[in-house]
Amino acid sequence: TTHFDYHSLEEDLLKLEILGHSDPTQLRLIQELSKTNVLDVPMDDKDTMSIFSKTDVLGVTNEQIMCPTGTLGIPEFGTNFTIGMVDETKPTTFAELVKIAGLSHGTDVWLGNAQDLVLGRNFVSEPVPFSEVIGCRDDIMTYLMDKGIEAGESFKIMENVRKKGKEPTPEQVTIMREHGVPEWYIESCKKIQYMFPKAHATAYVIMALRIGWFKVHRPIYYYAAYFSCRASAFDVDVLAAGKNAIRNKINEINGKIANKTAENKEIELLSELQIALEMYLRGYSFKQVDINKSEVKTFVISKDKKSLLLPFTAVSGLGEAAAVTVIEARSAYPFTSKEDVQKRTKLNKTHFEKLRMLGSLDDLPDKDTSSLIQ
């Protein structure tokens, strides 16, 4: 529909918006790896809820992981923006997490609006409790109905607030004032450009809490699924080198960001390094790529459940197609030498040399040896 006005087509064509979502994919992998049913994860686990305000349950400090919360890598709550929101609001309930999810997906809902209310600045004389600010579009309708405004009118006001370019009409503002709606609430409604539906926010929070439960109680499965499903940038040399190397790389990238010299790849790598550092600090580690054991893009959990084996695609420039040829070749029969790897796979010279330098081929002799039996 990019070349046509959608509204000229909508009466004649059925349009399906099918969106990919990595959270269910990550949960599915966690389920397969841990052999547990993710639907059985409790929604009221105190330890899981605690990571939204502190890191104690993870056995690390904020200073060690360079993050004010324990939500690194938790979907919807792991970006710099949402970590800042979580740090400022210190949520302790499911409802507050839903509100944060709604605020983070809205437009002109948090910044310059609810944030100012909570902090008591700009258009309010004293802080408004976080529980009272508008988080999702549904909150407006139910709040106004509680104030005694008729349901149909409450719905119309909500619809005007949530839609871009609209706000409550003068008549609706009058009705709100007549029913005791505070001025800060009315002003907040006027600022909003778009609001998230509560059902959508709730679905996100349910998945986030399930993934968070594994981060707290079954860490190795969480980290294996995170790096397999969500990570997009890797530095295999640094990851396998340990926490000091990772910390040094984080500081290097942060320095470049401060000087505005960081490349996009380095910025992408930063969040993965932070989670890797957290993983090391909790007693887990990475093992370098192994030609005989690594998978295409899945991080393999060691038998002692203390380390993750890096996959082939973690190597810069080594794509899935080339990695698949390695898996297929060794499945047919084991590699007998480095020379055999070159013959039976589609690894190019650059890939092969990188794997050799990483030590991924150390268990293999350079060439095949043969003996003539007389």
The lysines whose Cα lies under 24 Å from the Cα of K190, excluding any fewer than 8 residues away in the same chain, are K99, K147, K156, K163, K164, K166, K198
Using 5 Å bins from zero, what percent of all Cα-Cα pairs in region 110-226 falls into each bin?
2, 11, 18, 18, 16, 11, 7, 6, 5, 3, 1, 0
Would you mind putting 97-110, 46-59 in packing order, based on average other-beta-carbon counts within 10 Å, highest first?
97-110, 46-59
Hydropathy first: keep DSSP H helices in the chain averaging at least 0.5 on Kyte-Doolittle, then drop any whose Cα extent along the axis falls short of 27 Å, and list what survives.
198-217
Lys and Arg at +1, Asp and Glu at -1: add these up for the other residues within a Cβ distance under 15 Å of K163 and post the number.
+3
Between [x] 27, 59, 13, 0; [y] 26, 56, 17, 0; [z] 23, 45, 25, 6, 1, 0, which matches P(r) over Cα pairs in 20 Å bins from 0, in percent calculated for the structure shown?
[z]
With the charge dipole of the chain built from beta-carbon charges (+1 for Lys and Arg, -1 for Asp and Glu) about the Cα centre, the Cα from W213, T69, V296 projecting farthest to the positive end belongs to V296
Taking Cα pairs under 8 Å and at least six residues apart, what relative contact order does the chain come out at, in percent?
14
For every other residue with a beta carbon closer than 13 angstrom to the beta carbon of A322, add +1 if it is Lys or Arg and -1 if Asp or Glu, then tell me the sum.
+3
Select from H179, S50, C229 the residue farthest towards the positive end of the dipole of the chain; place +1 on Cβ of Lys and Arg, -1 on Cβ of Asp and Glu, and compute about the Cα centre.
C229
May I ask which of K265/K349; K265/K287; K249/K338; K35/K346 have a Cα-Cα span longer than 26 Å here?
K249/K338; K35/K346
Hey, got the dipole for the chain? About the Cα centre, +1 on K and R Cβ, -1 on D and E Cβ, debye to the nearest 20?
1320
Determine the relative contact order of region 1-123: mean sequence separation of Cα pairs under 8 Å and six or more apart, normalised by residue count, in whole percent.
15
Under a point-charge model restricted to the Cβ atoms of Lys and Arg (+1) and Asp and Glu (-1), what is the dipole moment magnitude of region 186-244 relative to its Cα centre, in debye to the nearest 20?
300
For region 21-148, what is the largest minus smallest coordinate of the Cα atoms on each principal axis, given in angstrom and ordered from greatest to least?
50, 36, 25
Within straight-line cross-link reach of K354, aspartates and glutamates at Cα separation under 18 Å, skipping those fewer than 8 residues along the same chain:
D235, D237, D290, E295, E320, E339, D340, D362, D363, D366
Can you tell me the equivalent ellipsoid semi-axes for region 285-326? Use √(5λ) from the Cα gyration tensor, largest first, whole Å.
19, 9, 7
Volume per residue of the C-alpha convex hull in region 244-374, rounded to whole Å³
133
Phi angles of region 302-313, converted by Karplus (6.51 cos²θ - 1.76 cosθ + 1.60, θ = phi - 60°) into ³J(HN,Hα) in whole Hz with x for Gly and Pro, give 5, 4, 7, 6, 10, 8, 10, 7, 5, x, 5, 6
What does the charge dipole of region 256-334 about its Cα centre add up to, to the nearest 20 debye, if the Cβ of each Lys and Arg holds +1 and the Cβ of each Asp and Glu holds -1?
260
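The numbers here are math on the coordinates, done by the rules we state, and not lab data. For clarity, every value in this text was computed on a predicted model and none was experimentally measured. Reconstructed Cβ throughout: ideal geometry from the backbone, glycine too, with neighbour counts over all protein chains shown.
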